[in-house]
1. If you count only protein heavy atoms and use a 1.4 Å probe, how large is the accessible surface of Val12, to the nearest 10 Å²?
2. Run the accessible area of the stretch 76-122 with a 1.4 Å probe and give the carbon-and-sulfur part as a rounded percent.
3. From the phi angles alone, apply the Karplus equation (6.51, -1.76, 1.60; θ = phi - 60°) to the stretch 151-157 and give each ³J(HN,Hα) in whole Hz, x where the residue is Gly or Pro.
4. Taking amide H positions as placed in the peptide plane 1.01 Å from N, state which residues far from Ile270 in sequence (5 or more) or on other chains have amide H under 5 Å from it.
5. R0 = 22 Å: FRET efficiency of Thr106 with Ser17, Cβ-based, nearest 0.05?
6. Compute, for the chain, the length of the dipole vector about the Cα centre, with Cβ point charges of +1 (Lys, Arg) and -1 (Asp, Glu) only. Units Debye, rounded to 20.
7. Where is the GNM fluctuation largest for the chain (alpha-carbon springs, 10 angstrom cutoff): Lys13, Lys35, Lys197?
8. Which far-off residues, 5 or more places away or on another chain, put their amide H under 5 Å from the one on Ile161, with H placed in the peptide plane?
Amino acid sequence: MTQAKSLNNLVVKEITSVAARFTLKGKKAIVTGAKGGIGRATATAFAELGADVAIVDLPAAVGESEAVAKSLSGRFGVKSVAIGADLCQENDVKEMTRRVVDAFGTIDVVHSNAGIFDMGDNPQMPVGAFKRIVDVNLLGMFLVNRECAEVMVAHKHGGSIINTVSMSGSIVNPTRTETDYMVAYTASKGGAKHLTKAMAVNYIRHGIRINSVSPGYLISGAHAAMSQKDVDWWANSVPIKRFGEMDEIVGIVCLLATDLATYFVGSDIIMDGGATIT
Ligand SMILES: NC(=O)c1ccc[n+]([C@@H]2O[C@H](COP(=O)([O-])OP(=O)(O)OC[C@H]3O[C@@H](n4cnc5c(N)ncnc54)[C@H](O)[C@@H]3O)[C@@H](O)[C@H]2O)c1
């Protein structure tokens, strides 16, 4: 039997400054799915807290990613680069991390946030559509987590990786009516939540903390194609009776990124206006 480690000296320490620790000054960050929605919001918040930020999104969106990067350097005086990558492709992810290391020297913080959903998500959906959702939301997240963590290991420093899961990782929510429940999205997000824990337990020995945030319905731009009827139906299904906003998610991602969150390992933080209570 292995010997239990001796306990820490059980002296209650005085707390240090919260404000001083709520910073990313000098940190090198990556945000995926960062040309719009939640990713652009957290990239902006990381830059405001002092991090250099790589804006990673699909190759076809690189023009939009460049506009975000330019705006962050202008507003906050940090370095920001735009990188096009299809995160389901292993080579794209390896090339993306190589380019970030070239630009910034290393990687300290990662918000692995790229993801997709499909309004035709139900048991009769085509296999190709099911696979695409799982590829982006689960395989892509695995590749980003692994490649970024391996850079941190090689550079012999810790870091923080935050995955965007969803409340759909904890409940099975409707696509638009109570008779039509998401299948691929919920499976991919349930997998992403558990992937977070599996990666966390593997990498914490290197000082790399991996956690996830699970938002409910947020106005991010991703629902622009939905009808007003569907939007109203979703909003009314949540105890708070409205969608959440970008301002309401950035704080929790920033918290996990900073040294205020050094005891979070493999946690999933749900932020959903009460949607998962009932
Ligand atoms: N908005 C919500 O209500 C909500 C709720 C829960 C979870 N989420 C999750 O939050 C994350 C961000 O969603 P959002 O609402 O900001 O949507 P969004 O569509 O604005 O952002 C997703 C981004 O991911 C990018 N992307 C998609 N596939 C990619 C790939 N293969 N490689 C690289 N980039 C890719 C898209 O181009 C897009 O910019 C997703 O993981 C989503 O599942 C969103």
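The values are calculated or read from the model by the stated rules, or taken from the named source; none is laboratory data. Since the structure is predicted, the reported quantities are computational estimates derived from the model, not experimental observations. Positions of Cβ are generated from backbone atoms using ideal geometry, with glycine treated the same way; all protein chains shown enter the neighbour counts. We work out accessible area using only protein heavy atoms, side chains counted, and drop any ligands, DNA or RNA first. Shrake-Rupley method; radii C 1.70, N 1.55, O 1.52, S 1.80 Å.
1. Near enough 130 Å² of accessible area.
2. So the carbon and sulfur contribution to the accessible surface is 43 percent.
3. 5, 4, 4, 4, 8, 6, 9
4. Close amide H contacts, sequence-distant or interchain: Ser214.
5. Between Thr106 and Ser17 the formula returns 0.30.
6. Dipole about the Cα centre, nearest 20: 780 debye.
7. Lys13
8. It is Val110, Arg209, Ile210, Asn211, by chain and number.
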